[in-house]
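Bear in mind these aren't lab numbers, they're just calculated from the coordinates by the rules spelled out. Please read all numbers here as calculations on a predicted model, not as lab measurements. Positions of Cβ are backbone-derived with ideal geometry, glycine not excepted, and every protein chain shown enters the neighbour counts.
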Amino acid sequence: MSDGTVAVRAEGIAKHYGGVKALNGVSLAVESGEVFGIIGPNGAGKSTLFDILSGFTAPTMGTVEILGRDIGGLPPYRIARTGVARTFQRTAIFGDTSVENNLLYASHTTQRHSVLGRMRRSEAWARDRSSFRAKADAVLALAGLASVRQQTANTLAYGMQRRLAVAIALMKDPAILFLDEPAAGMNEHETEDFVELIRRISPGRTILIVEHDMAVIRALCGRALAIADGQPVVIDTPDKVLTHPQVVAAYLGTDDE
Ligand SMILES: Nc1ncnc2c1ncn2[C@@H]1O[C@H](COP(=O)(O)OP(=O)(O)OP(=O)(O)O)[C@@H](O)[C@H]1O
Ligand SMILES: [Mg+2]
């Protein structure tokens, strides 16, 4: 399902916070269409790497290219336009409003209220609303949330709230999707449903996924990168990565799997 073009390329990434070397010398090339895993013990630098690859944080050293374009110095909204969306380690949904409104806000985050006010009274608004509904219908069906579209988000089961976070990201129809520990805290059944969701949305997209649940990594990823203490250890198939002596050693003595 990879077509040989590189969706995300990073060369020699380092990130230092004062004396803390959160990342040191990480390079990778994720091909278009891959589902690519990133694993490592707590504090290894996985979220920091995601922040850098998706353009939220600038690296101290190194370069990132998204679809062949160097994103150094580009503001996040310009990077979003290249087709990148992400979810965060802690769920970012609007808990007090409906599932559908969560998607509506997601599709208007780049608009200003004054513009919205004018659109409401215009034909453009009506057109926009019907295209929003079509898009929301498709995303809700894909995410298995159609039956709860009017439900208040924070009354949903936990697994559904996490799927809503993915649905919000899907409203942008991203070519490249970054998921930071999307299955954390899910029970076994919720995790199985989640793996199915990612399988449904993966055709035609590149997906990078940070996850502590190794069953999820094995089920979804063709390749994975292991990092430990900010250093790259190995990039290979999940089986090879998870049995790599340095990866096994890095996990020993931690609470991770
Ligand atoms: N803004 C920051 N300022 C200072 N140190 C930071 C900052 N962000 C991350 N760090 C440090 O960088 C290291 C890597 O953190 P990061 O959150 O990337 O790890 P992680 O692999 O995502 O861990 P977890 O599995 O717990 O989510 C840690 O030592 C962390 O304390
Ligand atoms: Mg993290």
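Things to note:
- Derived from the Cα gyration tensor, the three semi-axes of the equivalent ellipsoid of the stretch 130-192 are 20, 16, 9 Å, largest first.
- Converting phi to 3J(HN,Hα) with the Karplus coefficients 6.51, -1.76 and 1.60 and the offset θ = phi - 60°, the stretch 15-23 yields 9, 10, 10, x, x, 7, 8, 5, 9 Hz in sequence order, with x at every glycine or proline.
- Other-chain or far-sequence residues with amide H under 5 Å of Val234's (modelled H): Ala226
- Between the Cα long axis of helix 158-170 and the first principal axis of the chain there is an angle of about 80°, rounded to the nearest 10.
- Local electrostatic count at Ser130 - Lys and Arg +1, Asp and Glu -1, tallied over other residues with Cβ under 12 Å: +1
- Listed residue (Gly43, Thr87, Leu197) projecting farthest to the positive dipole end of the chain, Cβ model: Thr87
- Going from the residue with the fewest nearby Cβ atoms within 10 Å to the one with the most, Ile176, Ile38 rank Ile176, Ile38.
- Theoretical ellipticity at 222 nm over the chain - DSSP helices of four or more residues, -39500 (n - 2.57) apiece, nearest 500: -11000 deg cm²/dmol
- With θ taken as phi - 60° and the Karplus curve 6.51 cos²θ - 1.76 cosθ + 1.60 applied, the whole-hertz 3J(HN,Hα) list for the stretch 211-220 is 7, 8, 7, 5, 5, 5, 4, 5, 6, 10 Hz, x standing for glycine and proline.
- Residue (of Ala153, Ala124, Ala14) at the positive-pole extreme of the chain, dipole from beta-carbon charges: Ala124
- With contacts taken as Cα pairs under 8 Å at a separation of at least 6 residues, the chain carries a relative contact order of 28 percent.
- Taken about its Cα centre, the chain carries a charge dipole of about 1340 debye when Lys and Arg each add +1 at the Cβ and Asp and Glu each add -1 at the Cβ.
- All Cα-Cα distances of the chain, cut into 10 Å bins from zero to the largest, leave 7, 29, 35, 21, 7, 1, 0 percent in each bin in turn.
- Close amide H partners of Ile38, meaning residues 5 or more places away or on another chain with modelled amide H under 5 Å apart, are Ile209, Val210, Glu211, Leu225.
- Three principal axis extents describe the C-alpha atoms of the stretch 124-243; from largest down they are 54, 30, 23 Å.
- Charge tally for Thr206 (other residues, Cβ to Cβ under 9 Å; Lys, Arg +1; Asp, Glu -1): -1.
- Formal net charge of residues neighbouring Val35 (Cβ-Cβ distance under 10 Å; K, R +1; D, E -1): +2
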